[in-house]
Amino acid sequence: MASADYFRPEIAAMSGYVPGEQPKLDNLVKLNTNENPYPTSPRVAEVLRDFDWRRLRRYPDPLANDLRDRIAAHFAVKRENVIVGNGSDDLLTMLFRAFTSPELPLAMLDPSYSLYPELAAMQGARVIKLPLQGADFALPENLLELAAPANLLIITRPNAPTGTHFPLASVEKICRNFDGIVAIDEAYADFAPDNCVGLAATLPNVVVLRTFSKSYSLAGLRLGYAIADSGVISGLMKLKDSYNVDALAQAIGAAAFDDQENLRANCQAVISERERVREILLSRGFAVPGSGANFLFASPPDGDAKRRFESLRRQAVIVRYFPGEVTGKYLRITIGTPKENDRLLGALEE
Ligand SMILES: *Cc1c(COP(=O)(O)O)cnc(C)c1O
């Protein structure tokens, strides 16, 4: 047999998640993977400078309690309500291992983060897609009915790639009425006017996922956290990798998290640029749903997003393009610095 024949059939059938590219071009304007254009807190530089390299001899705290305590204090929950991961992708992996199987389906929004179906495939779990409605990509009226067979429901809020920030009251109603775990992926919540941490703190079936990759400008570090009922957290603790967050990430994460002022300032700068760029695109006839994230989902007047994507690329402006019946009409554009955004807007006129 060829070595490929030994894979479980679920894995052999998978194509695998394709991350956005990280090209190395001169003069590149990179607006394709929702990274933050501004650096993280300068306190991180101090941690890196003062970190005793000899400490790496030892294993890190497997529970990352110092970091968990800081996160818990900020959100007025307990340490028992917080788990940290090697990026929020690690936390998603835990959720899929815990709550999906061939008998326990996943329900997710469509379009949404394309990693979810890959994680479901690894578990052999069926995927129920909940089609977002209309030009605003609103939640379907019959979401609860469609999602009912699922054991895990992921609501991405703000959603990627659409940027949509669903009404909090609708999400609360879903959480209260869904018989299963509702994971609210809040990768972009720091760019939005409100969030669902209050639901995770009060409802036993709600998990909120956060990442340091976007708002904290630490995509290269790989750090995320989840907030949920202590019963959910202790279950996830059983199946996580023992040392899933390394010592340096724990120390850097703590310093970045403590600098809420730097976080707010960076997010505010991104939000005001997001609104400026959106207004300009709207005035040029693009369809651009309102965004609560650090990116815009924009469809050119003629709907030919692929042509725009390729033209931008030739001008060294990289955005994200997702082929598909709905997504294929749009570009997902990460908000950069004002200068980068101006390069984008200029290049779109070519
Ligand atoms: C970026 C992103 C993540 C992954 O975050 P990491 O912490 O970098 O793994 C999770 N969910 C959504 C919707 C994202 O856009």
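The values are calculated or read from the model by the stated rules, or taken from the named source; none is laboratory data. In this text the structure is predicted, and so the values were computed from the model without any measurement. A quick note on method: Cβ atoms are made from the backbone with ideal geometry, for glycine too, and the neighbour counts reach across all protein chains shown. Ligands, DNA and RNA are excluded from the accessible area calculation, which covers all protein heavy atoms including side chains. Shrake-Rupley method; radii C 1.70, N 1.55, O 1.52, S 1.80 Å.
Just to confirm my numbers, what's the Cα centroid distance between the stretch 75-123 and the stretch 200-233 in Å? Taking the Cα centre of the stretch 200-233 as reference, the centre of the stretch 75-123 is 10 Å away.
Note on surface exposure: 116, 243, 330 rank 243, 330, 116 by accessible area, highest first, 1.4 Å probe. Sorting 211, 202 by solvent-accessible area of protein heavy atoms yields 202, 211, largest first, with a 1.4 Å probe. Think of the stretch 3-82 as having a plus end and a minus end, set by charges on the Cβ of Lys, Arg, Asp and Glu; of 34, 12, 44, 44 sits farthest toward the positive end of this dipole. Modelled label positions at residue 234 and residue 43, each set 7 Å beyond Cα in the direction of Cβ, lie 3.1 nm from each other. Estimated at the nearest 10 Å², the accessible area of residue 173 is 130 Å² with a 1.4 Å probe.
From the alpha carbon gyration tensor of the chain, can you work out the equivalent ellipsoid semi-axes (sqrt of 5 times each eigenvalue) and give them in Å, largest to smallest?
30, 26, 21
Note on residue 311: accessible area is roughly 20 Å² with a 1.4 Å probe, heavy atoms of protein only. Comparing 212, 297, 309 in a Gaussian network model of the chain, where Cα atoms under 10 Å apart are tied by springs, the biggest mean-square fluctuation is seen for 309.
Over the stretch 46-177, accessible surface divided per residue gives 48 Å², non-protein components excluded, 1.4 Å probe. Using a cutoff of 8 angstrom between alpha carbon atoms and counting only pairs six or more residues apart, the relative contact order for the stretch 140-265 works out to 18 percent.
For residue 282 and residue 5 in the same chain, what is the full-extension length gain: residue separation times 0.36 nm, less their Cα-Cα distance, in nm?
Result: 94.6 nm gained on full extension.
Surface composition of the chain: carbon and sulfur atoms hold 52% of the protein heavy-atom accessible area at a 1.4 Å probe.
Each residue was assigned an accessible area with a 1.4 Å probe, and for residue 165 the value is about 50 Å².
Label zone (residue 172, point 7 Å along Cα-to-C-beta; backbone nitrogen cut-off 14 Å) within the stretch 135-156: none.
For the stretch 9-77, the pair-distance distribution built from all alpha carbon pairs, in bins 10 Å wide starting at 0, is 12, 20, 29, 31, 8 percent. Simple rule: put +1 on each Lys or Arg Cβ and -1 on each Asp or Glu Cβ in the chain, find the dipole, and look at 120, 169, 134; the Cα lying farthest toward the positive end is 120.
Arrange the residues 237, 1, 122 by how much accessible surface each exposes, largest first, with a 1.4 angstrom probe.
Output order, biggest surface exposure first: 1, 122, 237.
If you take the alpha carbon atoms of the stretch 22-162 and fit the smallest convex hull around them, that volume is 204 Å³ per residue.
Across the chain, the mean sequence separation of Cα contacts (distance under 8 Å, 6 or more residues apart), normalised by length, yields a relative contact order of 23 percent.
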